[in-house]
Amino acid sequence: MLFILSMQIICYRSDKKLPEVGNYKHRVGGSLKPKFVRPGAIVIKLVSNDFEADTLHGESAQLLKEESDFHGLEFEKQFACVYKGEPVKKGVFGKCIVERKASGFNENIFEFNLTKCGNEGEFQFDNTDGWSLMATRELASMLGITTDENWKEFAKHLGFTKHEIRNRLSSTTDPFALIMGAFQARGGTPDEFVQALYAVGRGFRIGGDSSSTDAVGYKKFPSGSGGFRSTSEEDSDTSAGPSQSSTPSRKKRTYPGGNFTGATSKKRQRSDMSESAASSYSSYHEDQMHRNSKQPLGTSELWKISQFINQQWKSLGRNLSVPEEDLKQVEYAYKDMRECSYQMLLKWKERFPSKCSFGSLYVALCDSGLNSVASSHCIFSRSPK
């Protein structure tokens, strides 16, 4: 019997304590593709002229670890290392060699370099066109994302975990910049980021405090602000003539049914409330229609949708009930994020052909925090007859 073996090396600085920003684990190397190996003992060795074993804290000087009985299950080995001189900031700084113990000798399985990209612990913003922090922050402010702690809902919408929001984002003075940088580093696009801003901002307007918003969801302003007055003010205010002398106030015109201005105002309010209720009902009805859609998904639709899933593909796979072993096989076999998303969706279609519909995927996308992807790219539209 053969088992699949793949290896990744991640590292972080031990002289900083979590959850300090910049001290999270980063991938510095890994096997190019998985290998089939026989069960038995697996040996992992680290070799470098730039670092050595931290023997002061109990690490073996050989920098060698052994998984004594590998049978296809995940395992983890930790090495404590220190640089011999100045830390390497960028480039190759070591090698990992993985071998299988055989009778009388060690059989080489694969080896790969350990490489630092130079931006570990930092988010590098692309300040061209779409990724402009200043302009995007201004838009977020207009939509209410940066008000109080609304950014937490925005981070949740983008797929950040509760742990990341509580320990990582809350510990910085500028969580919005960190959210933007992390989303970009994870492969997100400016269009997706802006779509998410509008989606969350729309939710704040619809579900906001009715005392501070109008029927459409926008903020109310005090009477007379911006140089305009309300109808009731025009009818009741004292007006001044050209000489600025005071003249008697005009009397309100009354009608048998009561005050005409008040009746008109109430009628307008009822109209606004009716429009708002109709809009909310329409949105709810559309959402339910998309969730209940039984229209089957083809491979071409799955391929199109896969480009928007990015790093949430495993979370989406779990919400689609794709088995963990299938997710691991996809992760080991493919490195491209979109290909992982597409292959995961194919696994789902293969295992649950009767459930592979627009509605099922729409619900799973929403449960995975990909609401904007669901509403924009997972909607079946019937062509007009």
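The values are calculated or read from the model by the stated rules, or taken from the named source; none is laboratory data. Note that the coordinates shown come from a computational prediction; the quantities given were computed from them, not determined experimentally. Cβ: placed from backbone, ideal geometry, glycine included. Neighbour counts: every protein chain shown. Surface areas here come from the heavy atoms of the whole protein model, side chains and all, with no ligands, DNA or RNA. Shrake-Rupley method; radii C 1.70, N 1.55, O 1.52, S 1.80 Å.
Only residues that are in a loop (DSSP other than H, G, I, E, B) and among the hydrophobic types (A, V, I, L, M, F, W, C) were counted in region 159-173, giving 1. Scanning region 176-195 for residues that are under 14 Å from ARG137 (Cβ atoms) and of a type in the set (Gly, Ala, Ser) returns ALA177, GLY181.
Are any residues in region 127-158 outside any helix (DSSP H, G or I) and closer than 16 Å to GLY203 by Cβ, and if so, which ones? Those that are outside any helix (DSSP H, G or I) and closer than 16 Å to GLY203 by Cβ: LEU143, GLY144, ILE145, THR146, THR147, ASP148, GLU149, ASN150, LEU158.
One residue is enough: does region 355-369 have a residue meeting the conditions in a helix (DSSP H, G or I), open to solvent by 40 Å² or more (accessible area, probe 1.4 Å) and among the aromatic types (Phe, Trp, Tyr)? Among the residues of region 355-369, not one is in a helix (DSSP H, G or I), open to solvent by 40 Å² or more (accessible area, probe 1.4 Å) and among the aromatic types (Phe, Trp, Tyr), which makes the answer no. The residue of region 72-113 that is surrounded by the fewest Cβ atoms within 10 Å (Cβ to Cβ), among those that are among the polar types (S, T, N, Q) and either within 33 Å of the chain's Cα centre (by Cα) or closer than 11 Å to ILE9 by Cα (or both), is GLN78. In region 55-78, the residues that are in contact (Cβ under 8 Å) with a residue 12 or more places away in the chain and among the acidic types (Asp, Glu) form Cβ pairs under 9 Å with partners that are open to solvent by less than 90 Å² (accessible area, probe 1.4 Å) and in a loop (DSSP other than H, G, I, E, B), at six or more places apart or across chains, as follows: GLU59/PHE79; GLU59/ALA80; GLU66/LYS77; GLU67/PHE75; GLU67/LYS77; ASP69/PRO39. Taken over region 114-140, the criterion of being open to solvent by less than 50 Å² (accessible area, probe 1.4 Å), at pLDDT below 85 and touching a Leu at 6+ places or on another chain (Cβ under 9 Å) is satisfied by THR136 alone. The set of residues from region 32-53 being modelled with pLDDT of 85 or more, surrounded by 15 or more Cβ atoms within 10 Å (Cβ to Cβ) and not in a strand (DSSP E or B) comprises SER48, ASP50. A search for C-beta distances below 6 Å between a residue of region 1-26 that is part of a loop (DSSP other than H, G, I, E, B) and any residue that is open to solvent by 100 Å² or more (accessible area, probe 1.4 Å) and at pLDDT below 65, counting only pairs 6+ apart in sequence or on different chains, returns TYR12/LYS25.
The single condition among (1) under 25 Å from LYS33 (Cα atoms); (2) open to solvent by 70 Å² or more (accessible area, probe 1.4 Å); (3) among the acidic types (Asp, Glu) that GLU286 does not satisfy is (1). Residues in region 319-354 that are under 21 Å from the mean Cα position of the chain (by Cα), under 19 Å from ARG291 (Cβ atoms) and open to solvent by 30 Å² or more (accessible area, probe 1.4 Å): ASN319, SER321. Among the residues of region 168-196, those that are closer than 26 Å to GLN307 by Cβ, open to solvent by 50 Å² or more (accessible area, probe 1.4 Å) and not aliphatic (A, V, I, L, M) comprise ARG186, THR189, ASP191, GLN195.
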